[in-house]
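Below: one structure, written as structure tokens.
The values are calculated or read from the model by the stated rules, or taken from the named source; none is laboratory data. No experiment lies behind these values; they were computed from the predicted model shown. Ideal geometry is used to build each Cβ from the backbone, glycine not excepted, and the neighbour counts take in all protein chains shown. Areas reflect the complete protein model, heavy atoms only, side chains present, ligands, DNA and RNA absent. Shrake-Rupley method; radii C 1.70, N 1.55, O 1.52, S 1.80 Å.
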Amino acid sequence: MNVIMTENTENLNTEDKIAEKYKLQTKDVNVFYGDFQAIKEVSMNIKPNSITAFIGPSGCGKSTFLRLFNRMNDYIEDFKMEGKIKIDDTNIYKNKIQLEQLRKQVGMVFQKPNPFPKSIFENVAYGLKIQGIKDKKLIAARVEKALVQADLWNEVKDNLNKSALTLSGGQQQRLCIARTLAVEPSILLMDEPTSALDPISTAKIEELIHQLKKEYTIIIVTHNMQQAARISDYTAFFYMGELIEFDKTKKIFTNPDKKRTENYITGRFG
Amino acid sequence: MRKIKEFVIEKSLLSSALVTIAVTVGIISVLAFEAFSFFQEVSIVDFFTDTQWTPLFTKKHYGILPLLTGTLLTTFIAISVALPIGLSISIYLSEYAPKSFRKTIKPLLELLAAVPTVVYGFFALVVVTPFLQQFIPGLSGFNSLSAGIVMGIMIIPFVSSLSEDALFAVPKALREASYGMGATRLQTAFKVVVPAASSGIIVSIILAISRAIGETMIVAIAAGQQPRLTLDPTVPVETITAYIVQVSLGDVPHGSLEYKTIFAAGITLFAFTFLLNTLSFRIRKKFREKYD
Ligand SMILES: Nc1ncnc2c1ncn2[C@@H]1O[C@H](COP(=O)(O)OP(=O)(O)OP(=O)(O)O)[C@@H](O)[C@H]1O
Ligand SMILES: [Mg+2]
């Protein structure tokens, strides 16, 4: 993995003044997989306690971009990134940043539910235990809180020791959300979290995302235009690695500036 | 024409399968038959309770226990060596090593299993034992310790290769989930990947045990040929396999009781390895169902 830092002090000062308004800032970000450029010069600022949807055709770089925020791409051998990404004013691609600290702050929910082959309780307690928390009462309380937040508590409270793999797909995904919430991050990254689920589970999770907005800054990748329109405050439209348009969701869906955005949203290409 | 060719190929494939089955059945029935006739002369209770094995001496005893403990002792030492090393290697290769390194090192490791066991045997006898004698003064020239250690080295690839396959097969999504919550590589390896691969790891250990129990050359050369009921790793012992070699190479008259002891010992060995193989087969089947 290679990170090339562009240190531009002049820019930093002016940025600093507005920085507190934003939870997350990216500047001139490029991503390469070997010779292939997957993200091209993307700059974007995201406000705290907002829901941002990433939309765009398959392969346009949504997941790649999302996974920059918790440095999940670092495990890809020929991954390389340029530019700057700041969370709460910290450049997360600085060499001395601690990945473990970063990921406690930036939680992620994946496309396919991926519970550990452990009990329901152990799944949710995992993030706490790896932090070295031993206080059983505290862990139990945090597990319950997270399961309540994820709207799963009532369904599993009598079976906390059952294997997580016995849950339905929708329940598993809510368990994965609970597992992430238990660590108490401030940012939630969700990569098509409902694409493997039925409409009822999907509705539940959308409702949940709406609730979570009070405490979290949420970014969600989705292929479902209605979903983006329903739940997000801001929408970013990507096309072939470029950020074509980024604005209030209402604006993007009613009166986008770019023809490409309009075409995609109305289903004329994709 | 084509039809005839297909027919010939199909039938010859079928016949080689049948030959294999026939040979296996043949071996088992000879083993069972000779063992049965042995147990008509020696009581099965004595066989399992007598603490001496001296069928070649004038004062004859037919207690399998000394051979059994010899076998289990060397196997235990071998596994104590192979398990930690093999498992560490497999975790390193699957969780830490770059892809290219993994690709070159795996076949190299498997070479360990391809070295002729007679070479290992001499290595144990002329290198490991003298070396250990510098630290353990009472160590006999033949002992189960060096035989076990060297056997352990030989079976490292059995543990590491199969475990590594099992670890590598754990879905990437589980690792990502763990990293995503702030776990380190080490935590992810030991709290998520190893437990998820546990059935595959257990199978690899069972197969390694089974291989160690059946190993002949190393123990015959380096552990000595003195049946002795002991758990002391510094003195000479004899394993079931070493005894079988000793008698087969000797001039025991065909059909005599001494001759039949081979089959009694052999069927005991067979019972062990059969049990272990069945166990690993069961676990593997269950494992496969879990991931489908
Ligand atoms: N590990 C990788 N190595 C090389 N190229 C990759 C890798 N991962 C993704 N890519 C390429 O980068 C581009 C962006 O991929 P990404 O997964 O970010 O797209 P996406 O917008 O999330 O697509 P989808 O909607 O299908 O999930 C694609 O062209 C893809 O082929
Ligand atoms: Mg994607």
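Calculate what fraction, in whole %, of the accessible area of region A:193-270 sits on carbon and sulfur atoms when a 1.4 Å probe is rolled over the protein chains. Write out the running numbers ahead of the final one.
Numbers: 2050 of 4040 Å².
Carbon and sulfur together cover 51 percent of it.
Magnitude of the charge dipole for region A:6-265, about its Cα centre and with charges confined to Cβ atoms of Lys, Arg (+1) and Asp, Glu (-1), is about 680 debye. About its Cα centre, the dipole of region B:149-266 is roughly 480 debye, where the only charges are +1 on Lys and Arg Cβ and -1 on Asp and Glu Cβ. Taking a straight Cα-Cα cut-off under 16 Å and skipping sequence neighbours fewer than 8 places away in the same chain, the aspartates and glutamates within cross-link reach of B:LYS106 are B:GLU95, B:GLU164, B:ASP165.
Taking the Cα centre of the protein assembly as shown as reference, the dipole from Cβ charges on Lys and Arg (+1) and Asp and Glu (-1) amounts to some 1200 debye. Among the trypsin sites (Lys or Arg not before Pro) in region B:56-162, those located in a DSSP loop and surrounded by at most 11 other Cβ atoms within 10 Å of their own Cβ are B:LYS59. Applying a length cut-off of 20 Å (Cα extent along the axis) and a mean Kyte-Doolittle floor of 1.6 to the DSSP H helices of chain B leaves B:65-91, B:198-214.
Where in chain B lies the longest segment free of chymotrypsin sites (Phe, Trp or Tyr not before Pro) that are both loop residues by DSSP (not H, G, I, E, B) and have at most 14 other Cβ atoms within 10 Å? The partial results should precede the final answer.
Values: sites that count: B:PHE57, B:PHE135.
In chain B, the maximal stretch lacking such sites is B:136-292.
In terms of the Cα gyration tensor, with a ≥ b ≥ c the square roots of its eigenvalues, is region B:9-104 rounded because a/c is under 1.5, prolate because a/b exceeds b/c, or oblate? Here region B:9-104 falls in the oblate category.
Remark: relative contact order (chain A) = 25 percent; criterion is Cα-Cα distance under 8 angstrom and separation of 6 or more residues.
Size estimate for the protein assembly as shown follows the Kirkwood approach: the inverse of mean 1/r over distinct Cα pairs works out to 28.5 Å.
List the trypsin sites (Lys or Arg not before Pro) in region A:152-260 that DSSP assigns to loop (not H, G, I, E or B) and whose Cβ has at most 14 other Cβ atoms within 10 Å. Which are they? Please report the intermediate quantities before stating the final value.
Details: sites: A:LYS157, A:LYS162, A:ARG174, A:ARG179, A:LYS204, A:LYS213, A:LYS214, A:ARG230, A:LYS248, A:LYS250, A:LYS251, A:LYS258, A:LYS259, A:ARG260; in loops: A:LYS157, A:LYS162, A:LYS213, A:LYS214, A:LYS258.
Counting only loop positions with at most 14 other Cβ atoms within 10 Å, the trypsin sites (Lys or Arg not before Pro) in region A:152-260 are A:LYS157, A:LYS162, A:LYS214, A:LYS258.
A helix-only calculation puts the protein assembly as shown at -17000 deg cm²/dmol for mean residue ellipticity at 222 nm, using -39500 (n - 2.57) for each DSSP H run of at least four residues, averaged over all residues.
Projecting the Cα positions of A:THR52, A:ILE130, A:MET81 onto the charge dipole of region A:41-148 (unit charges on Cβ atoms of Lys, Arg, Asp and Glu, taken about the Cα centre) puts A:ILE130 furthest along the positive direction. In loop segments of region A:203-232 as defined by DSSP, the GluC sites (Glu not before Pro) with at most 16 further C-beta atoms inside 10 Å of their C-beta are A:GLU215. A straight Cα-to-Cα reach below 17 Å connects A:LYS250 with the aspartates and glutamates A:ASP233, A:GLU262, residues fewer than 8 places away in its own chain not being considered. At 1.4 Å probe size, with no ligands or nucleic acids counted, give the accessible surface of A:ARG142 in Å², nearest ten. Approximately 50 Å² for this residue.
Taking 26 Å as the limit for the C-alpha separation, the pairs A:LYS157/B:LYS172; A:LYS62/A:LYS86; A:LYS80/A:LYS118; A:LYS96/A:LYS136; A:LYS137/A:LYS162 exceed it in the case of A:LYS157/B:LYS172; A:LYS80/A:LYS118; A:LYS96/A:LYS136. Set Lys and Arg Cβ to +1 and Asp and Glu Cβ to -1, take the dipole of chain B about its Cα centre, and tell me which of B:THR54, B:LEU111, B:SER37 lies farthest positive. Projecting each Cα onto the dipole axis, the largest value belongs to B:LEU111.
Rounded to two decimals, the Cα-based Rg/Rh of chain A, with Kirkwood Rh, is 0.97. Considering only alpha-carbon pairs that sit under 8 angstrom and 6 or more positions apart, the relative contact order computed for chain B is 26 percent.
Bridgeable lysines around A:LYS134 (alpha carbons under 16 Å apart, same-chain partners fewer than 8 residues away excluded): B:LYS191.
Using only the Cα atoms of region A:100-200, what semi-axes does the equivalent ellipsoid have when each is the square root of 5 times a gyration tensor eigenvalue? Give whole Å, largest first. Walk me through the intermediate numbers first.
Values: eigenvalues 78, 59, 24 Å².
After scaling each eigenvalue by five and taking roots: 20, 17, 11 Å.
I need the shape label for chain B. Rule: rounded when a/c is under 1.5, else prolate if a/b > b/c, else oblate, with a, b, c from the alpha carbon gyration tensor. The shape class here is oblate. Which distance in Å, rounded to a whole number, links the C-alpha centroids of region B:91-163 and region A:128-177? So the two Cα centres are separated by 44 Å.
Whenever you get a sec, line up A:LYS104, A:LYS94 from highest to lowest accessible area (probe 1.4 Å, protein heavy atoms). Intermediate values should be presented prior to the final figure.
Working: A:LYS104 50, A:LYS94 85 Å².
So the residues, ranked largest to smallest area, are A:LYS94, A:LYS104.
When the alpha carbon gyration tensor of region A:41-182 is reduced to an equivalent ellipsoid, the three semi-axes, largest first, read 30, 18, 14 Å.
Think of chain B as having a plus end and a minus end, set by charges on the Cβ of Lys, Arg, Asp and Glu; of B:VAL193, B:PRO157, B:LEU231, B:VAL193 sits farthest toward the positive end of this dipole.
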